[in-house]
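In what follows, a structure is listed as C-alpha cells, so that the remarks can point back to it.
The values are calculated or read from the model by the stated rules, or taken from the named source; none is laboratory data. The shown structure was predicted, so the numbers you read here are calculated from the model rather than taken from an experiment. Ideal geometry is used to build each Cβ from the backbone, glycine not excepted, and the neighbour counts take in all protein chains shown.
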Amino acid sequence: MDKEIKSYAAYIATLTQISKAITSDLYLEDVLKLIVTLTATVMRAKICALWLLDDTTQALKIKATQAMSSEYLKARTIRVGEGIVGLVAQTLQPVIIPDVLKDERYKEKKLAKMEKLVSMLSVPMLVKNRLIGVLSVYTHEFYEFSSSEIDLVVTVANQAAVAIENTELIVKTRVIQEELELRKKVERAKGILMRQQGLSEQQAYDLMRTSSMSKRVPMKDIAEAIILSAEITQLVAR
C-alpha cells in the first residue's frame, strides 16, 4: 500500500509540474522536453519519445526525447499506420508491447537491440479526438504497465496535446494579425501613391510590387517606406 501511495503521489506531482509548465512562458520545445523527462522519470523508463503529426504529409516526426543516444536523437519520421507509433496514430488507441523484439509490428529492432529496449507503451495525444501526436515509453527490462501507469501516460499525452494546440492557435492568430496589418499598410501606401502620382489602384499596387521584387525586400517594407515618406513630407510642410 505504501508503495502505491508513493507512486500515486509521484504521478500527481508529475502532472502538477507539467500543468505548470504548460501555463508558463516556456517555449513549446522546452515544455515538450520537460514532459518527456518527467514522464520517463516517474515511469522509470529507458526512453520517452514524443512524436507530432504533420497534417500535410500525414507523417509523425520525433520532436522530444530525454534519450542520450545520438542514433535515437537524429531526425526520424514514421507514416501513419507504420510500426507501433503509426498504428497508435491510426487507431487512436494505446498499444502495449511486452517485448518489442518479439513483436513483428515493431519495425526498429536494430535500434531496440542497441538501446536495450524491451517493453513499450504508446498512447495517442488527442484534443477532442483530433490526433496531435503520439507519446511512447520504453523500458530496459520486461515490464507490465499497470492501469494507473497507463492512465498517467494518457493524461500526460493529452495535456501535451492541449499545450501544442494552444501554441498552434497562438501562432495562427499572430499570422492572421500580421496579414491584416500588412493589408492595411499596403492599402494606405496605395492611397498615397494614387494621390501623389495620379495612379489607379492597380497601377499603384503594381508599382509597389515591382519595387519589392527589384529591391528584394518585403511588400511590408515598401509600404512602410511610402507611408513614412508621406508623413515626413507633411511634417516639413507644416
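Taken together, the residues in the stretch 185-211 that are surrounded by 15 or more Cβ atoms within 10 Å (Cβ to Cβ), within 38 Å of the chain's Cα centre (by Cα) and over 11 Å from Ile226 (Cβ atoms) amount to 1.
Among what's in the stretch 128-151 and is under 16 Å from Ala10 (Cα atoms) and part of a loop (DSSP other than H, G, I, E, B), pick the residue that is nearest to the chain's Cα centre (by Cα). Applying the filter and picking the extreme gives Phe145. As for the stretch 34-57, it holds no residue that is at pLDDT below 80, under 30 Å from Gln90 (Cβ atoms), touching a helix residue (DSSP H, G or I) at 6+ places or on another chain (Cβ under 8 Å) and assigned by TED's automatic domain parsing to the domain that holds Leu152.
Results for (1) more than 15 Å from Leu53 (Cα to Cα); (2) in contact with a Pro (Cβ under 6 Å, 6 or more places away or on another chain); (3) of a type outside the set (A, V, I, L, M), shown as yes or no for each residue.
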| position | (1), (2), (3) |
| --- | --- |
| Gln90 | no, no, yes |
| Pro94 | yes, no, yes |
| Lys102 | yes, no, yes |
| Val118 | yes, no, no |
| Val123 | no, yes, no |
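Look at the stretch 86-105: where a residue is in the same structural domain as Val134 (by TED's automatic domain parsing) and a partner is assigned to a helix (DSSP H, G or I) and not aliphatic (A, V, I, L, M), sitting 6+ places away or on another chain with Cβ atoms under 9 Å, you get Val100/Lys109; Leu101/Lys109; Leu101/Lys113; Arg105/Gly83. Determine if the stretch 127-149 includes at least one residue that is modelled with pLDDT of 90 or more, among the small types (Gly, Ala, Ser), crowded, with 19+ Cβ neighbours inside 10 Å and in the same structural domain as Val88 (by TED's automatic domain parsing). There is at least one residue in the stretch 127-149 that is modelled with pLDDT of 90 or more, among the small types (Gly, Ala, Ser), crowded, with 19+ Cβ neighbours inside 10 Å and in the same structural domain as Val88 (by TED's automatic domain parsing).
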